[in-house]
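Below is one structure, written out as structure tokens; the observations come after it.
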Amino acid sequence: MNKHTVISTDTMKDARLRNRRRQYRAIMLVAMLGTLALGGGALAAEPVGPDLTEKLRGLLVREMVAIESAMLDIYSAIVQGNHTTVAQQGQAIHDSFILKLSLTKEDRQDLKAAVPQEFLQLDARFHKLAALLAKAGEEESTQEQVEIFNRMTESCIACHSRYVTDRFEGLQNQLLPE
Ligand code: HEC
């Protein structure tokens with residue numbers, strides 16, 4: 001065997017390995033839909049709900065109920081390859097940014113006074129993921145959708161386990177995603 005053939009069989013082996021690794025990654029991602037891979041760690045902070053004005057709390061709860069319902073629709077759509085629904089519902093979550101869009105100047109000041117900066121950052125990051133999900137829907141990439149859906153679920157838990165421990169006791173003392 002000369003040097004050239006050695007290289008080309010190696011390249012073929014590499015390609016096959018890469019393929020297998022890609023398949024493995026896809027399978028792992030699907031498995032992660034059900035089992036959250038929570039790593040890292042951070043301490044729970046004070047619950048934010050009781051510190052919000054009545055109006056803000058009402059808006060937030062409405063947003064949460066809408067988000068949860070959209071997430072369930074998205075789950076069904078992902079596993080059935082309904083890319084259009086994934087794109088639409090992802091966009092709907094992104095646009096449901098009530099905390100940013102439908103607030104008066106005073107509401108916004110109330111909000112900033114009531115919640116730590118990190119809470120707002122978590123919210124912003126979550127809505128950014130929703131936009132990515134909408135894009136993955138448009139691109140008809142199931143693998144990306146699964147990955148982003150998983151990150152969004154981690155994001156719900158990251159926020160709830162830090163800031164909603166008064167209501168979601170079961171999330172107390174959990175290992176939190178960073
Ligand atoms: C940035 C923080 C944050 C993120 C991210 C977040 N939530 Fe929430 N969520 C809250 C807070 C705060 C409450 C509690 C509101 C209250 O009762 O004062 C809440 C409450 C809820 C509730 C209870 C609503 C009710 O009926 O009172 C549901 C359901 C919910 N969230 C679903 C979700 C889902 C699903 C996700 C992710 C896809 C998510 N949340 C992401 C902060 C967050």
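The values are calculated or read from the model by the stated rules, or taken from the named source; none is laboratory data. Because the structure is a prediction, the values reported are computed rather than measured. Neighbour counts are summed over all protein chains in view; Cβ atoms, including those assigned to glycine, are modelled from backbone coordinates with ideal geometry.
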For region 52-70, the count of residues that are surrounded by fewer than 17 Cβ atoms within 10 Å (Cβ to Cβ) and within 8 Å of the ligand (Cβ to nearest atom) equals 5
Checking the conditions here, which among 92, 113 is under 15 Å from the mean Cα position of the chain (by Cα), assigned by TED's automatic domain parsing to the domain that holds residue 53 and part of a helix (DSSP H, G or I)? 92
Go through (1) buried (at least 18 other Cβ atoms within 10 Å of the Cβ); (2) over 19 Å from residue 138 (Cα atoms) one by one and return the number of the condition residue 106 breaks. (1)
Please state which of the following conditions residue 117 fails to meet, knowing it meets all the rest: (1) surrounded by 13 or more Cβ atoms within 10 Å (Cβ to Cβ); (2) within 12 Å of the ligand (Cβ to nearest atom); (3) free of Cβ contacts under 8 Å to residues at least 12 places away in the same chain. (1)
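Hey, among the residues in region 141-174 that are of a type in the set (A, V, I, L, M) and near the ligand (Cβ under 10 Å from one of its atoms), which one's nearest to residue 60 (Cα to Cα)? Before the answer, list the steps.
Going residue by residue through region 141-174, those that are of a type in the set (A, V, I, L, M) are 146, 148, 152, 157-158, 164, 171.
Next, from what is left, pick out any that are near the ligand (Cβ under 10 Å from one of its atoms): 152, 157-158, 164.
Details: 152: 17, 157: 16, 158: 16, 164: 12 Å.
Per the stated criteria, the residue is 164.
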Breaking point among (1) farther than 22 Å from residue 161 by Cα; (2) surrounded by 18 or more Cβ atoms within 10 Å (Cβ to Cβ); (3) modelled with pLDDT under 95, for residue 111: (1)
